[in-house]
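Visitor: Here you go, one structure.
The values are calculated or read from the model by the stated rules, or taken from the named source; none is laboratory data. The model shown is predicted, which means the values in this text are computed figures rather than measured ones. Methodologically, a virtual Cβ is constructed for each residue, glycine included, from the backbone with ideal geometry; neighbour enumeration extends over all protein chains shown.
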Amino acid sequence: MLGVALMLVMTAEPVKLASTGFTCTGISEALCAGYAERFVGVLSSGPNVRVTTQRDIAAVLGIERQKQLLGCSDDGSACMTELAAALGVDGILLGSITPTPNGYLVNIRIVHANDASAWLMKSDRVRSERALQESLDVTAEELYRSLAPSRAARVIPFVLLGAGAVAAIAGGICFGLSKADAATLKSTAPLTDAEVMSTASRGGTLQPVGVTLLSVGLVVLAAGLIWWLAGSAP
């Protein structure tokens with residue numbers, strides 16, 4: 001069962017994000033794009049996170065529609081959700097880099113695809129361009145580790161539900177067989193001493209095993225159901 005659980009976790013869909021690029025003040029457009037590209041590369045270096053870049057977005061939506069969605073005049077939430085829906089992603093990656101008198105202010109955030117609400121946020125102040133790049137790399141690695149559990153969390157409830165169902169069914173079968181053995185002992189059918197001892201021994205073993213498996217199965221089923229409901233809640 002553990003092997004099956006691990007296999008399901010490993011084959012689960014990765015967390016899918018779309019990157020709209022970074023917004024940079026006082027930094028060249030080329031350098032800003034370079035920072036964003038490297039950040040996406042580090043964030044999506046493992047199997048648990050997949051990031052759609054601005055170039056990919058333009059290929060899917062077209063350049064004009066991409067500009068419309070990324071340049072909304074409202075609070076941006078409607079555009080973000082439309083963008084996410086068009087790309088089939090779980091969230092949108094946003095970033096900004098702003099020079100300060102003592103260095104740079106870096107803000108990175110990921111918003112949920114369904115309502116553009118905050119998912120993960122990270123801010124940092126650095127004193128040099130070298131420290132800026134190091135900060136972006138560290139932030140990307142931290143966000144990856146934060147997002148990676150989401151992949152397993154989506155599978156674990158179903159693993160629990162499956163394991164609980166198997167245990168409950170096995171427990172029910174064992175308990176039913178023990179009841180059948182008890183009925184055999186109470187019947188008027190002739191039994192040898194050896195058959196009586198064998199039937200009594202088997203029934204005495206199957207009954208507690210059945211009760212234990214059934215109890216554990218129901219508890220695991222309840223845990224899986226609660227986990228699934230908690231994960232499905234808005």
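Visitor: Within segment 101-123, identify whether any single residue is more than 23 Å from Thr53 (Cα to Cα), of a type in the set (Lys, Arg) and either surrounded by fewer than 17 Cβ atoms within 10 Å (Cβ to Cβ) or in contact with a strand residue (DSSP E or B) (Cβ under 6 Å, 6 or more places away or on another chain) (or both), and answer yes or no.
Guide: Within segment 101-123 (the criterion being more than 23 Å from Thr53 (Cα to Cα), of a type in the set (Lys, Arg) and either surrounded by fewer than 17 Cβ atoms within 10 Å (Cβ to Cβ) or in contact with a strand residue (DSSP E or B) (Cβ under 6 Å, 6 or more places away or on another chain) (or both)), the answer is no, since none of the residues qualifies.
Visitor: If you don't mind, another one. Tell me the helices (runs of 4 or more DSSP H) entirely within segment 1-118 that contain at least 3 residues that are at pLDDT below 80.
Guide: By residue number, 2-10, 54-61, 63-70, 77-87.
Visitor: Oh, and also: Against the condition among the hydrophobic types (A, V, I, L, M, F, W, C), surrounded by 16 or more Cβ atoms within 10 Å (Cβ to Cβ) and assigned by TED's automatic domain parsing to the domain that holds Gly224, how does Ala170 come out, does it pass?
Guide: Details: among the hydrophobic types (A, V, I, L, M, F, W, C): yes; surrounded by 16 or more Cβ atoms within 10 Å (Cβ to Cβ): yes; assigned by TED's automatic domain parsing to the domain that holds Gly224: yes.
Yes.
Visitor: Of the residues that make up segment 44-58, is at least one within 17 Å of Asn107 (Cβ to Cβ) and either surrounded by 16 or more Cβ atoms within 10 Å (Cβ to Cβ) or acidic (Asp, Glu) (or both)?
Guide: No - not one qualifying residue is present in segment 44-58.
Visitor: On to the next question. Which one of Ala148, Ala183, Ala140, Ala165 is farther than 20 Å from Trp228 by Cα and surrounded by fewer than 18 Cβ atoms within 10 Å (Cβ to Cβ)? Spell out how you get there, then give the answer.
Guide: On the way: Ala148 fails: farther than 20 Å from Trp228 by Cα; Ala140 fails: surrounded by fewer than 18 Cβ atoms within 10 Å (Cβ to Cβ); Ala165 fails: farther than 20 Å from Trp228 by Cα.
Ala183 is the lone residue from the list that is farther than 20 Å from Trp228 by Cα and surrounded by fewer than 18 Cβ atoms within 10 Å (Cβ to Cβ).
Visitor: So, Ala230, is that one part of a helix (DSSP H, G or I), closer than 30 Å to Phe22 by Cα and under 24 Å from the mean Cα position of the chain (by Cα) or not?
Guide: Values: part of a helix (DSSP H, G or I): yes; closer than 30 Å to Phe22 by Cα: no; under 24 Å from the mean Cα position of the chain (by Cα): yes.
No.
Visitor: Moving on. So, Leu160, is that one under 36 Å from the mean Cα position of the chain (by Cα), outside the structural domain of Cys32 (by TED's automatic domain parsing), on the phi < 0 side of the Ramachandran plot and crowded, with 18+ Cβ neighbours inside 10 Å or not?
Guide: The answer is yes for Leu160.
Visitor: Still on this structure, I have one more. Quick check on Arg125: is it over 22 Å from the mean Cα position of the chain (by Cα), more than 27 Å from Ala86 (Cβ to Cβ) and in a strand (DSSP E or B)?
Guide: The answer is yes for Arg125.
Visitor: Taking the stated definitions as given, is Ser178 within 30 Å of Gly91 (Cβ to Cβ) and assigned to a helix (DSSP H, G or I)?
Guide: Values: within 30 Å of Gly91 (Cβ to Cβ): no; assigned to a helix (DSSP H, G or I): yes.
No: the conditions fail for Ser178.
Visitor: Would you mind stating whether Arg202 is at negative phi, of a type outside the set (S, T, N, Q) and loosely packed, with under 14 Cβ neighbours inside 10 Å?
Guide: Considered against the rule, which asks whether it is at negative phi, of a type outside the set (S, T, N, Q) and loosely packed, with under 14 Cβ neighbours inside 10 Å, Arg202 comes out as no.
Visitor: Among Ser215, Ser187, Ser135, which is outside the structural domain of Val106 (by TED's automatic domain parsing) and modelled with pLDDT of 85 or more?
Guide: Ser215
Visitor: Looking at Gln133 and the list (1) surrounded by fewer than 13 Cβ atoms within 10 Å (Cβ to Cβ); (2) in contact (Cβ under 8 Å) with a residue 60 or more places away in the chain, which single condition is not satisfied?
Guide: Every listed condition holds for Gln133 apart from (1).
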